[in-house]
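Q: Structure provided below as structure tokens; questions to follow.
The values are calculated or read from the model by the stated rules, or taken from the named source; none is laboratory data. Keep in mind it's a predicted model, so treat the numbers as computed, not measured. Neighbour counts run over all protein chains shown; Cβ positions are idealised from the backbone, glycine included. These area figures cover heavy atoms from the full protein model, side chains too; ligands, DNA and RNA do not enter into them. Shrake-Rupley method; radii C 1.70, N 1.55, O 1.52, S 1.80 Å.
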Amino acid sequence: MKFIILGISLLGMVSCGHMGEQRKAEYTEGATLWVQNAAEFRALSYQAFNSARLYLDRALLTKKTRKKPAVVVDIDETVLDNSPYQAVNILKNRSFDRKYWDEWIKLAQAKAIPGSIDFLNYAHKRGVEIIYLSNRKIKGLDATYKNLLNLGFPVKRQNIFLRTTTSNKEERRQNVLRKFDIVLLAGDTLADFSEVFNEKGTNDRNILVDKMRNDFGKKFIILPNPMYGDWEGAMYNYEFSTGTDKKKKLRKGHLYPHN
């Protein structure tokens with residue numbers, strides 16, 4: 001009987017320990033399941049790129065500058081789907097880790113976001129330069145280029161602008177503007193469109209979106225990403241090293257139940 005009780009106690013300790021680890025990523029489970037399984041996710045992605053095509057046609061008709069037009073797109077969760085990486089984090093009970101993220105990038109196995117290949121090839125055929133502007137680190141350039149090329153994206157290696165120093169994309173956008181006329185930007189987080197959104201709190205981000213509402217679905221094309229992003233960072237005051245339990249408390253503090 002003592003051995004049975006001891007065994008049950010040890011099993012309980014292991015289970016509790018496993019549940020403690022599970023908290024690292026389990027809160028993203030619903031979001032990742034939605035991205036990988038919901039037809040609504042595909043529909044929203046197609047909708048975004050259909051809107052992009054309509055606005056691009058209009059922008060090219062009314063273009064006033066002699067600079068070559070360009071479309072600037074983010075990469076992750078805008079044209080490449082990294083939900084398999086998120087799924088592994090959940091199943092292995094781990095949070096974001098730079099080492100494992102770099103390993104995923106090196107595999108060059110990300111699939112395309114629905115509608116992205118068709119839209120960018122359409123823009124390319126219309127004489128538009130395609131610029132990829134991402135906060136992937138520069139060491140991932142070769143793998144990123146390979147991934148995009150293998151999927152059939154119109155891509156030039158020199159048109160992939162990855163992160164070298166800062167995550168602020170404004171300097172890289174300005175470098176593109178020196179040569180091209182940016183007629184449209186696509187991304188999954190607001191900082192993909194303007195630096196005014198950088199490290200802003202949740203309330204400020206919402207106020208800015210309301211002020212710029214006429215740009216969305218036109219010059220700004222946003223893709224759905226409930227798995228991660230600045231929207232999450234804003235809840236943590238962008239202190240991503242905050243402990244798991246504190247992050248959970250902060251997330252719950254941003255829930256608004258009815259009275």
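Q: Please give the number of the condition Y132 fails out of (1) hydroxyl-bearing (S, T, Y); (2) closer than 23 Å to R163 by Cα; (3) free of Cβ contacts under 8 Å to residues at least 24 places away in the same chain.
A: Of (1) hydroxyl-bearing (S, T, Y); (2) closer than 23 Å to R163 by Cα; (3) free of Cβ contacts under 8 Å to residues at least 24 places away in the same chain, only one is false for Y132: (3).
Residue-wise test of (1) within 15 Å of D215 (Cα to Cα); (2) out of contact with any helix residue (DSSP H, G or I) (no Cβ under 8 Å at 6 or more places or on another chain).
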| position | (1), (2) |
| --- | --- |
| P154 | no, no |
| N159 | no, yes |
| R163 | no, no |
| N168 | no, no |
| E171 | no, yes |
| Q174 | no, yes |
| F180 | no, yes |
| V183 | yes, no |
| L190 | yes, no |
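Q: Residues that are touching a residue at least 60 places away in the same chain (Cβ under 8 Å) and surrounded by 14 or more Cβ atoms within 10 Å (Cβ to Cβ): does region 98-113 have at least one?
A: Yes - at least one qualifying residue is present in region 98-113.
Q: Then there's this: Among the residues of region 39-47, is there at least one that is closer than 23 Å to V155 by Cα, open to solvent by less than 60 Å² (accessible area, probe 1.4 Å) and either touching a strand residue (DSSP E or B) at 6+ places or on another chain (Cβ under 9 Å) or assigned to a helix (DSSP H, G or I) (or both)?
A: yes
Q: Answer yes or no as to whether E21 is modelled with pLDDT of 85 or more, open to solvent by 50 Å² or more (accessible area, probe 1.4 Å) and either under 22 Å from the mean Cα position of the chain (by Cα) or farther than 19 Å from I130 by Cβ (or both).
A: Answer is no for this residue.
Q: Give the residue that is modelled with the lowest pLDDT, with candidates limited to residues of region 190-220 that are open to solvent by 60 Å² or more (accessible area, probe 1.4 Å) and closer than 20 Å to F240 by Cα.
A: Ranking the candidates gives E199 first.
Q: Now a separate question. So, in region 168-188, how many residues would count as being more than 19 Å from the chain's Cα centre (by Cα) and either surrounded by 14 or more Cβ atoms within 10 Å (Cβ to Cβ) or part of a loop (DSSP other than H, G, I, E, B) (or both)?
A: Residues meeting the conditions: 7.
Q: Taking only region 192-201 into account, find how many residues are assigned to a loop (DSSP other than H, G, I, E, B) and touching a helix residue (DSSP H, G or I) at 6+ places or on another chain (Cβ under 6 Å).
A: 2
Q: Further, regarding this structure: Restricting to region 58-76, what's the tally of residues that are in contact (Cβ under 8 Å) with a residue 40 or more places away in the chain and in a helix (DSSP H, G or I)?
A: So the count comes out to 2.
Q: Of all residues in region 213-239, how many are over 30 Å from R58 (Cβ atoms) and assigned to a helix (DSSP H, G or I)?
A: 4
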